[in-house]
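Engineer: Before we start, here is the structure in question, set down as structure tokens.
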């Protein structure tokens, strides 16, 4: 089953970007194929297994494309992909593009609620899943969900085989002949769906064309390239995340560079890989870099110091980063620090390699209209002068078409002309740089992950001992914010303690571990404001001395 995607950016605006050369004008797989033909022996992906060349990756991708096509996957249908970072994830991205289908990658470890929401709303016709992640059997989970997924026809399982599902391992052991004719895909057609945790109870899905993904997002990464050799990018984040979407589509297909990945982030291993793989850029979120900074091998004068001389820059996104972390990274990695502000919704602004440290510590850099222009607007959507604080709006060649099967999100976040509203507050300083000053929308950003308080509250209140709940983010030096929940117990009852609540939400309600409450307070009643609403300022003020915290569990 295919979904109709409407472009919220006017056609004449897209045409202008095309005329200006902002788009490559060729779909993702064609771009990759051009590099593979020109440099078949050049390293494409470096992963836990070693190195695979462009020629070898093309062979793997076309064999997987044959399997998808033989299973009846048609152009325009959605293929959901749930694989860890590695060559297989990249090959599957390319295979889906080769048959003209739409790839929906999502990071491994999503729980039942998010898995159901993603597959159901996207109307995925096929899904490629990792069988076991931790203690969860995703093969059985998807089988259990199939009655609620009428569009889902085929399930490919990587790991132990499961009756009734297609074994990806068997396909890889006897790879089919390469697909001999790839789809003739319109570069303005949807090629990939990016997933954002957003501020809704369900994750948001954003539809990107091949041009917007490869060209629009590609221009962002290309602007950070220095030197004559192709970029060699070490991704610490999942390739299936919004931040990681520049892996296959940009590093490989658009830029023809080398992509280095870890199947699972480990700070010590990441430091080791800098010396081993000699990346030019490292892409991660603040908490990852903070963990790596603790490694003694990055200290000046260390006898076993890791050689970081290959690095041009560390690119940090996903959450705000403090000035001390910026300075420490610049010193210990011995390269530029790039402060990235962006989102899956089509927002991008970042500092540059040559920017002084003070600029990186205090701004998100100058907006680049080749990627995404930035407006600062008032409550009526009218532009404000430089220096005035207002909501940040964004639109540019990287702008997505729309949200997937979610007209309510289109209405909430998109405005006339295709502009996206961020809910963030900012201003443009006299030098033309964007300064982020706050947030309008209520979301919790924990270690780079956007968490919806509404989602957590809704699930907490399903506990039989909880009458009502409020969830808020509270500041944390290490993670940015932590998830705090206040509960009022059912009459005559006792609210669950933190350990029981976390167990219930994780095991029985399928909430992701990263979204679980870390601080819990029980109240007889919530404080209310003069308007009769819960007084959230009073709740935060009550946290001067937390009574229960999940520090040991996080």
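The values are calculated or read from the model by the stated rules, or taken from the named source; none is laboratory data. Nothing here was measured: the structure is a model prediction, and the numbers come from that model. No Cβ is skipped: glycine too gets one built from the backbone with ideal geometry, and neighbour counts run over all protein chains shown.
Engineer: Which ones in segment 110-144 are in contact with a strand residue (DSSP E or B) (Cβ under 9 Å, 6 or more places away or on another chain) and in a loop (DSSP other than H, G, I, E, B)?
Structural biologist: 110, 111, 123, 124, 125, 131
Engineer: Further question on the same structure: Based on what the data block shows, is residue 369 surrounded by fewer than 22 Cβ atoms within 10 Å (Cβ to Cβ), in contact (Cβ under 8 Å) with a residue 12 or more places away in the chain and farther than 27 Å from residue 268 by Cα?
Structural biologist: So residue 369 passes the test.
Engineer: Mind listing whichever residues of segment 146-161 are surrounded by 17 or more Cβ atoms within 10 Å (Cβ to Cβ) and either at pLDDT below 95 or closer than 21 Å to residue 3 by Cα (or both)?
Structural biologist: 149, 152, 154, 155, listed by residue number.
Engineer: Take the conditions assigned to a loop (DSSP other than H, G, I, E, B) and over 27 Å from the mean Cα position of the chain (by Cα) and apply them to residue 517. Does it pass?
Structural biologist: Considered against the rule, which asks whether it is assigned to a loop (DSSP other than H, G, I, E, B) and over 27 Å from the mean Cα position of the chain (by Cα), residue 517 comes out as no.
Yes/no per residue for (1) surrounded by 17 or more Cβ atoms within 10 Å (Cβ to Cβ); (2) part of a strand (DSSP E or B):
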| site | (1), (2) |
| --- | --- |
| 387 | no, no |
| 392 | yes, yes |
| 399 | yes, no |
| 405 | no, no |
| 411 | no, no |
| 417 | no, no |
| 421 | yes, yes |
| 424 | yes, yes |
| 430 | no, no |
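Engineer: Which of the residues spanning segment 229-275 are part of a loop (DSSP other than H, G, I, E, B) and over 16 Å from residue 93 (Cβ atoms)?
Structural biologist: Once the filter is applied, which keeps residues that are part of a loop (DSSP other than H, G, I, E, B) and over 16 Å from residue 93 (Cβ atoms), segment 229-275 yields 229, 230, 231, 236, 262, 264, 265, 266.
Engineer: Sticking with this structure for a sec: Identify, please: which residue in segment 445-468 is part of a strand (DSSP E or B) and in contact with a strand residue (DSSP E or B) (Cβ under 9 Å, 6 or more places away or on another chain) and is, among those, surrounded by the fewest Cβ atoms within 10 Å (Cβ to Cβ)?
Structural biologist: Only one residue fits best here, namely 467.
Engineer: Pairs under 6 Å by beta carbon, first residue at negative phi in segment 132-150, partner assigned to a helix (DSSP H, G or I), six or more apart or different chains?
Structural biologist: 145/116; 149/119; 149/120
Engineer: May I pose another question? Does residue 496 satisfy the criteria of being touching a residue at least 60 places away in the same chain (Cβ under 8 Å) and not in a strand (DSSP E or B)?
Structural biologist: The answer is no for residue 496.
Engineer: Now for a different question. Given the structure, is residue 226 part of a helix (DSSP H, G or I), surrounded by fewer than 24 Cβ atoms within 10 Å (Cβ to Cβ) and modelled with pLDDT of 95 or more?
Structural biologist: It is false that residue 226 is part of a helix (DSSP H, G or I), surrounded by fewer than 24 Cβ atoms within 10 Å (Cβ to Cβ) and modelled with pLDDT of 95 or more.
Engineer: Looking at 61, 36, which one is without any contact (Cβ under 8 Å) to a residue 24 or more places away in the chain and surrounded by 21 or more Cβ atoms within 10 Å (Cβ to Cβ)?
Structural biologist: So the residue among 61, 36 that is without any contact (Cβ under 8 Å) to a residue 24 or more places away in the chain and surrounded by 21 or more Cβ atoms within 10 Å (Cβ to Cβ) is 36.
Engineer: From the list 257, 275, which residue is over 19 Å from residue 317 (Cα atoms), without any contact (Cβ under 8 Å) to a residue 40 or more places away in the chain and within 21 Å of the chain's Cα centre (by Cα)?
Structural biologist: 257
Engineer: Another question, if that's okay. Restricting attention to segment 184-214, report how many residues are at pLDDT below 95, touching a helix residue (DSSP H, G or I) at 6+ places or on another chain (Cβ under 7 Å) and crowded, with 18+ Cβ neighbours inside 10 Å.
Structural biologist: The total comes to 4.
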